[in-house]
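Written out below as structure tokens is the structure these notes cover.
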Amino acid sequence: MEFSNFIILFGTGVILLTLLIALVKFKKDKPKYFKYIFIYILIGLIISANTIMNKNNISFFKSNSAYAIEQVLSIFQTFMLYLFFINVLNKSKYYNILLILIPISIIIQLFILNLVIKKNADVMPSIASNSFLIIFCFFYLRDLMSNNPTLILLKSTTFWIVIGILYCSCISLPIFSLISFITRDEEYKYLRSQIFSIANMSIIVLYLFIIKSYLCLKPPQNL
């Protein structure tokens, strides 16, 4: 089995585990933003299943349509993280800036997706989403350092999710930016696949941090 295929299958297993833990904790009292994280997990599972089907040439759509659907799902999944930050930063001094940057980010992602579909441009919409997510993580960390020095980070559900997003975005951004400079020729197909695997591993780490966040939902809570 190729390494890239193993990462996809392993990542799908991690997402399933994350979903299982989320279901176990479904009725437990928790911050409102967990409903967005739950939807994020569900969409991630759909995207992962779609990737596995495409890898095995099992698809109900043409390759271009399947790719477009996957990217639209990815944008919607990112929007769940945006809603997460809106909830977390609702009392932050950066809140109004956040509300301005979110629609800008979505417009840029849709514009890039349009270029990919109509012009066959080799660029990933997630370049924009990862860039903005890094900024939003910075907003949270700035508030954390200046406003809440007594927070017990190891018990903070919010902290673990933000750190997971930051780690994933910081790894994925240069990876997806690099892809645009690697030709799609058959001889480079393996190289592109291995580079994508690095980004997929960072996504797996994000889901592991989400699991950690759910496991922090034990009394007494420190949010």
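Peptides 94-100, 206-212, 125-131, 2-8, ordered by how many other C-beta atoms sit within 10 Å of their residues on average, highest first, read 125-131, 206-212, 2-8, 94-100.
Per residue, how much accessible area does the chain show when a 1.4 Å probe rolls over the protein heavy atoms, in square angstrom? Accessible area per residue, the chain: 55 Å².
Ligands, DNA and RNA left out, the 1.4 Å accessible surface of segment 101-223 is 70% carbon and sulfur atoms.
Rolling a 1.4 Å probe across all protein chains gives residue 29 an accessible area of roughly 130 Å².
Note on segment 4-131: Cα Rg divided by 2.2 N^0.38 Å, N the number of residues, gives 1.18.
Axis angle, to the nearest 10 degrees, between helix 34-55 and the longest C-alpha principal axis of the chain: 20 degrees. The equivalent ellipsoid of the chain has semi-axes of 31, 21, 15 Å, largest first, where each one is the square root of 5 times an eigenvalue of the Cα gyration tensor.
The residue list 72, 145, 116 was ranked by how far each Cα lies along the charge dipole of the chain toward its positive end, using unit charges on Cβ atoms, and 145 comes out on top. Compute the long axis of helix 126-147 from its Cα atoms, compare it with the longest principal axis of the Cα atoms of the chain, and write down the angle in degrees, 0 to 90, nearest 10. The angle comes out near 10 degrees. What the Cβ-Cβ distance of residue 115 and residue 142 gives, at R0 = 30 Å and to the nearest 0.05, is a FRET efficiency of 0.35.
Model label sites at residue 86 and residue 16, defined 7 Å from Cα along the beta-carbon direction, differ in position by 3.3 nm. Computed about the Cα centre, the dipole magnitude for the chain is approximately 800 debye when only Lys and Arg (+1) and Asp and Glu (-1) carry charge, each at its Cβ.
The values are calculated or read from the model by the stated rules, or taken from the named source; none is laboratory data. In this text, all values refer to a predicted model and were calculated from it rather than measured experimentally. Heads up, the Cβs are rebuilt from the backbone with ideal geometry, glycines too, and the neighbour counts pull from every protein chain shown. Side chains included, ligands, DNA and RNA excluded: accessible areas come from the protein's heavy atoms. Shrake-Rupley method; radii C 1.70, N 1.55, O 1.52, S 1.80 Å.
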